[in-house]
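The structure under discussion appears below in the form of structure tokens.
The values are calculated or read from the model by the stated rules, or taken from the named source; none is laboratory data. Predicted, not measured: the structure shown is a model, and the values here were computed from it. Cβ placement follows ideal geometry from the backbone for every residue including glycine, while neighbour counts extend to all protein chains displayed. Accessible surface is based on the protein model in full, side chains and every heavy atom, while ligands, DNA and RNA are left aside. Shrake-Rupley method; radii C 1.70, N 1.55, O 1.52, S 1.80 Å.
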Amino acid sequence: MNSSEFDEFDKKCMQRALSLAWQGRYSTSPNPRVGCVISRDNQIIAEGYHYIKGGPHAEINALNQVSGLDLSKATVYVTLEPCSHFGSTPPCALALIDKKVKTVIAAMLDPNPLVSGKGFVLLKQAGIKTKYGLLEEQARKINKGFFSRIERGIPYSILKMGVSIDGKTALKNGKSQWITSENSRRDVQEARAQACAILTGIGTVIKDNPRLNVRSIDTPRQPVRIILDSQLNIPLNSNVVIDSNSPTWIITLNQKSSKLDILSQYSHIKVIQTKEKNNRIDLSYLMHVLAQLEIGELYLECGATLAGTFIQENLVDEIHLYQAPIILGDKAKDAFIFDELTDLNQAKRWHIASSEYLGEDIKLILRQK
């Protein structure tokens, strides 16, 4: 819909709805982040956002604020088309019809096949005026993981790397704590909290024994920890096994290990058998599996070989590069390891989407051209 059909008040209300949607960034997974504003006589009278899966949607939280009021002249602004199906909660479209609102303006249609225009059909049939396309680009941006798994059938993957000026991630002896600053590490916690899942390889688990959880941020849920472990070599005393506060999915090719029975006793652990490619886990196939398991935004924190493989197989949408003002030298460990390139045209080109200082570090967000 042409943006000229919306006035400045419309834009103000939708911008507020988007801000509300962002407040659910830590908690709505795997559902989309959605905000809602209700106005009457050019005044905002109610607002709400979707907080957590299974809880009321944004429209319901906003409607609950104006229970009993006449909404026959009200306009509802919502960042995503109201749902039309019965899921964890009843359809929001029916709730809006019940309240007899005058107009519903959405930032965009919902690409979910369960909705995909059906919400607007219900509203129109009830005589409610509908519009969409207001600040759609911003609405897509805050739900890039949700849209990726629905539209592409794979998660939106973000690769995190903390490097020195000369592109190294650790000393030759493996020591890497800490190359980057506390400000950068705090920013990583923010990214973890937003992700549906954090993925690493078994090499990182054995070497660093990471917890791969969210710390220092108050969040009602922990992202899924995904460990790629083709031969099921995971130590049973590793943090991702013994810490039951976060779900752990172990991706493997090994169907005969004695560890399978042991791991099956942990309620927070799921072992997933997957397909093989060149004696390794087939990453492309795995990405489709993860999307089917409702993983939308995938945060990659892995070693140089696995990172290089994800890059070479075009499975990385963004790189979050934290570069510290330190030089480690040619004997230190590289950030990426993959097959030798013989021509510069083989190198993948990235666009610098943003840059900022975090303490003395520089954070670059790079996206594929």
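Note on the chain: with a GNM built from Cα contacts shorter than 10 Å, the maximum mean-square fluctuation among Gln138, Gln346, Gln125 falls on Gln346. The Cα atoms of the stretch 159-267 give a gyration tensor whose axes a ≥ b ≥ c have a/c of 1.5 or more with a/b no greater than b/c, which makes the shape oblate. Note that the stretch 13-155 presents 43 Å² accessible area per residue, ligands and nucleic acids not counted, probe 1.4 Å. Taking 7 Å steps out from each Cα toward its Cβ at Ser284 and Ile262 produces label points 3.6 nm apart. Electrostatic bookkeeping for Asp166 treats Lys and Arg as +1 and Asp and Glu as -1; over the other residues with beta carbon under 12 Å from its beta carbon, the sum is +1. In this rough spin-label picture, where each label sits 7 Å from Cα along the Cβ direction, the Ile242-Arg152 distance is 3.8 nm.
Against the criterion of solvent-accessible heavy-atom surface with a 1.4 angstrom probe, Glu5, Glu301 sort, most first, into Glu5, Glu301. Model label points for Leu114 and Lys369, set 7 angstrom from Cα along the Cα-to-Cβ axis, are 4.0 nm apart. With a Förster radius of 56 Å applied to the C-beta separation of Phe9 and Gln312, the computed FRET efficiency comes to 0.70. About its Cα centre, the dipole of the chain is roughly 460 debye, where the only charges are +1 on Lys and Arg Cβ and -1 on Asp and Glu Cβ.
With unit charges on the beta carbons (Lys and Arg positive, Asp and Glu negative) and the dipole taken about the Cα centre of the stretch 59-134, which residue among Thr89, Leu114, Ile128 sits farthest to the positive side? The listed residue farthest towards the positive side: Ile128. Among residues other than Glu137 with Cβ under 14 Å from its Cβ, the summed charge is +3 (Lys and Arg +1, Asp and Glu -1).
Please report the net charge: other residues with Cβ closer than 9 Å to the Cβ of Ile327, K and R +1, D and E -1. Neighbourhood net charge equals 0. Extension gain, His85 to Ser19, is 21.2 nm, computed as 0.36 nm per intervening residue step minus the present C-alpha separation.
Please report the carbon-and-sulfur percent of the accessible area for the chain; probe 1.4 Å, protein heavy atoms only, DNA, RNA and ligands left out.
Its accessible area is 48 percent carbon and sulfur atoms.
The calculated FRET efficiency for the pair Asn209 and Ile337, based on their C-beta separation and a Förster distance of 25 Å, comes to about 0.70.
Relative contact order of the chain, taken over Cα pairs closer than 8 Å and 6 or more residues apart, is 16 percent.
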